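Below is one structure, written out as structure tokens; comments come after it.
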Amino acid sequence: MLIGIKYCGGCNPRYDRSKFIKLLNKKLPSCKFEIISLIKEYDYVFIVCGCDSICANAKNIKSKNPLIYIKSEQDFEKLSLISS
């Protein structure tokens with residue numbers, strides 16, 4: 001399963017976003033994570049925001065499933081339910 005990652009600009013991060021994705025990658029070892037490319041289509045795309053503003057631009061991102069917005073570490077359990 002191919003998962004695209006799009007980070008916000010990081011102007012007001014309230015948690016370590018990269019650490020969050022590394023933990024998720026360990027939880028889903030059969031998934032491939034990569035920074036999004038606008039010319040690819042992904043099975044899932046995680047928009048990784050550092051706070052509740054959710055200001056990251058998600059325009060023109062291609063995903064087979066609805067975009068998943070992450071705004072805190074509490075979203076980990078929700079994302080770990082994605083089957084690989």
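The values are calculated or read from the model by the stated rules, or taken from the named source; none is laboratory data. Since we're looking at a predicted model, the values are computed, not measured. Glycine gets a Cβ as well: all are built from the backbone with ideal geometry, and neighbour counts include every protein chain shown. Please note that ligands, DNA and RNA were not included when accessible areas were found on the heavy atoms of the full protein model with its side chains. Shrake-Rupley method; radii C 1.70, N 1.55, O 1.52, S 1.80 Å.
Of the residues L79, L23, L38, the single one that is open to solvent by 20 Å² or more (accessible area, probe 1.4 Å), at pLDDT below 90 and not polar (S, T, N, Q) is L23. Might you let me know whether the stretch 44-67 holds any residue that is surrounded by 12 or more Cβ atoms within 10 Å (Cβ to Cβ), in a loop (DSSP other than H, G, I, E, B) and touching a Leu at 6+ places or on another chain (Cβ under 9 Å)? Yes, the stretch 44-67 contains at least one residue that is surrounded by 12 or more Cβ atoms within 10 Å (Cβ to Cβ), in a loop (DSSP other than H, G, I, E, B) and touching a Leu at 6+ places or on another chain (Cβ under 9 Å). The test for being assigned to a helix (DSSP H, G or I), open to solvent by 50 Å² or more (accessible area, probe 1.4 Å) and basic (K, R) does not hold for K6.
Remark: pairs (first residue in the stretch 58-80, closer than 9 Å to V45 by Cβ and of a type in the set (G, A, S); second residue open to solvent by less than 40 Å² (accessible area, probe 1.4 Å) and not in a loop (DSSP other than H, G, I, E, B); Cβ separation under 6 Å; 6+ apart in sequence or on different chains) = A58/I47; S63/Y42; S63/V45. Among the residues of this structure, L38 counts as one that is assigned to a loop (DSSP other than H, G, I, E, B), out of contact with any His (no Cβ under 8 Å at 6 or more places or on another chain) and not aromatic (F, W, Y).
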